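The values are calculated or read from the model by the stated rules, or taken from the named source; none is laboratory data. Remember, predicted model here, so these are calculated numbers, not experimental data. Neighbour counts run over all protein chains shown; Cβ positions are idealised from the backbone, glycine included.
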Amino acid sequence: MKIDFIKCHGSGNDFILIDELNKSLNLTEENRRSLAIELCDRAGKIGADGILFVQNSSFCDGKMRIFNADGTEPEMCGNGLRCVGRYLIDVLKKEFITVETMKAKYDVKAVPEIFDGVKTVEIEIDTVNFNVNSLPLNHSKDTLINEKIPALSDHLLFTAVSITNPHVVTFINQLSRDEIVRIGKEGNTNKSVFPQGVNVNFVRVLEENSIYVTTYERGVGITKSCGTGMTASSAAYCLNNPNLYGTELNIYNDGGMIKIYVNKDDKNNYKIRFIGNGSYVYSSSANLNDSFKLISLTDNKDFEEEVASYDKFLDYTKNVIE
């Protein structure tokens, strides 16, 4: 079996994008899980945080399904959505498109580049929910805002919020990688607290309008960035700093930076503008055997100019973080 794909990323959160718009691959759900585990393996020929399947939709310009590197399917992925949005904009030759995901639809549009040579899109996210049942999280109250979760830490304060997928956010000055991994793993193995697991976000404030986010992603581990994690972190940050609603926030991560505007109306409804890259790295064809094991890669084409531009952008963001 031969599958064409594009290796792409949003803020260093990298994916294998597979187009099913005009070509049916006749994949079963088990096939998709097997593909994700095989192709995303970092020890293999490709390696990625997940696979993005771009499909037809009955009410949007396209549909995104994402499978994590462990074969699980999350409800939503902000960085992946930027990649899918950029791809549909390119293929359909439109400036504005809509994308269906597991539980919601999102508007995506092409916008001016966040950095010279870095293709950029904007997503409007209105699926912010602070009710603990939306994660779900077993808790005695309807919300958990700046409170301890004893199962995760005896001193950190967390805020729970879903962006159709579950997140908790904590603000830190410093924390070791080992402690981040320990807390992240606990959040995804302790089903008495988080029945469906959780993405855990650790936020460091750089200056009033700039934060740095590290996320332990459900089904993946620590990634260079997490789109919905940065969204959840921004919402929690503005909850603590109401003067920042509606202002431009710079959200830094190990894979780059995005810009976010958190807007909230008088009924506590959120609309978040989420602006960042959707970058191509290379295109190729994966040749697989009947057991979906990767035999070889052919027809490789590098997007050299895009990669070089993003490398310059990454150097810039690293200087800010350090």
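Before moving on, here are some points about what is shown:
- When Lys185, Lys119, Lys148 are checked against the criterion of being within 24 Å of Leu249 (Cβ to Cβ), of a type in the set (Lys, Arg) and touching a strand residue (DSSP E or B) at 6+ places or on another chain (Cβ under 8 Å), Lys119 stands alone in meeting it.
- Check on Ile89, buried (at least 17 other Cβ atoms within 10 Å of the Cβ) and touching a Pro at 6+ places or on another chain (Cβ under 9 Å): no
- Residues that are in contact with a Phe, Trp or Tyr (Cβ under 8 Å, 6 or more places away or on another chain) and either surrounded by 17 or more Cβ atoms within 10 Å (Cβ to Cβ) or at pLDDT below 95 (or both), drawn from segment 127-142: Val128, Leu135, Leu137
- Odd one out for Ser176, checked against (1) of a type in the set (Ser, Thr, Tyr); (2) within 21 Å of the chain's Cα centre (by Cα); (3) at pLDDT below 95: (2)
- For Met76, the conditions (1) at pLDDT 95 or above; (2) crowded, with 20+ Cβ neighbours inside 10 Å are fulfilled apart from (1).
- When we screen Glu217, Glu248, Glu306 for residues that are of a type in the set (Asp, Glu) and surrounded by 23 or more Cβ atoms within 10 Å (Cβ to Cβ), the only hit is Glu217.
- Top-ranked residue of segment 179-199 - restricted to ones that are surrounded by 15 or more Cβ atoms within 10 Å (Cβ to Cβ) and of a type in the set (A, V, I, L, M, F, W, C), ranked as nearest to the chain's Cα centre (by Cα): Val198
- Any chance Val203 is assigned to a strand (DSSP E or B), under 17 Å from the mean Cα position of the chain (by Cα), over 29 Å from Asp41 (Cβ atoms) and in contact (Cβ under 8 Å) with a residue 60 or more places away in the chain: no
- Annotation: of all residues in segment 122-164 being charged (D, E, K, R) and in a strand (DSSP E or B), the one that is nearest to Glu75 (Cα to Cα) is Glu124.
- If you go through segment 21-52 and pick out every residue that is more than 21 Å from the chain's Cα centre (by Cα), free of Cβ contacts under 8 Å to residues at least 60 places away in the same chain and either over 22 Å from Lys224 (Cβ atoms) or surrounded by 24 or more Cβ atoms within 10 Å (Cβ to Cβ) (or both), you end up with 9.
- Screening segment 224-322 for strands (runs of 3 or more DSSP E) wholly inside it with 3 or more residues that are in contact with a Gly (Cβ under 7 Å, 6 or more places away or on another chain) returns the ranges 256-264, 270-277.
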